[in-house]
Amino acid sequence: PVQEAARRGAQTIVVIRTVPSQMFYTPQWFKRMERWLGESSLQPLVNLVHHHETTYRAIQQFIEKPPGKLRIFEIYPQRPLRSMALGSRLPALLEDYKTGRQCGRYFLATVGK
């Protein structure tokens, strides 16, 4: 979406994230699994994860060094969120929602004027 917004002529883009952009890593468990699955029928899954990593890194480079006069801002919480991708309890979701609103308000009160 960031590159598409730039392609369509956006001059300023705000990216809302759950973690800082520098927090990308390949989990150790996947590196181990990759060795085991190298020649298995799950090779397409391994290829998909590699494609995701490559695409993610390219987008990160675009965000870190945007072309021309394009400005990209990132909003993310200062501490890890309490909720998980699946199975989060309501209190964790409510706390994370509150954190997101605070981050958004801070951005609007400072940079977003």
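The values are calculated or read from the model by the stated rules, or taken from the named source; none is laboratory data. In this text the structure is predicted, and so the values were computed from the model without any measurement. Cβ coordinates were reconstructed from backbone atoms using ideal geometry, including for glycine residues, and neighbour counts include every protein chain displayed.
The listed residues are Ala10, Ala6, and the only one of them that is assigned to a helix (DSSP H, G or I), modelled with pLDDT of 80 or more, in the same structural domain as Ile72 (by TED's automatic domain parsing) and surrounded by 10 or more Cβ atoms within 10 Å (Cβ to Cβ) turns out to be Ala6. Those helices (runs of 4 or more DSSP H) of the stretch 24-113 in which 3 or more residues are in contact (Cβ under 8 Å) with a residue 24 or more places away in the chain, over 15 Å from the mean Cα position of the chain (by Cα) and not assigned by TED's automatic domain parsing to the domain that holds Ile13 occupy 90-109.
Per-residue answers, yes or no, for (1) at pLDDT 90 or above; (2) surrounded by 10 or more Cβ atoms within 10 Å (Cβ to Cβ):
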{"residue": "Tyr56", "(1), (2)": "no, yes"}
{"residue": "Gly68", "(1), (2)": "yes, no"}
{"residue": "Phe73", "(1), (2)": "yes, yes"}
{"residue": "Leu90", "(1), (2)": "yes, no"}
{"residue": "Arg101", "(1), (2)": "yes, yes"}
{"residue": "Val111", "(1), (2)": "no, yes"}
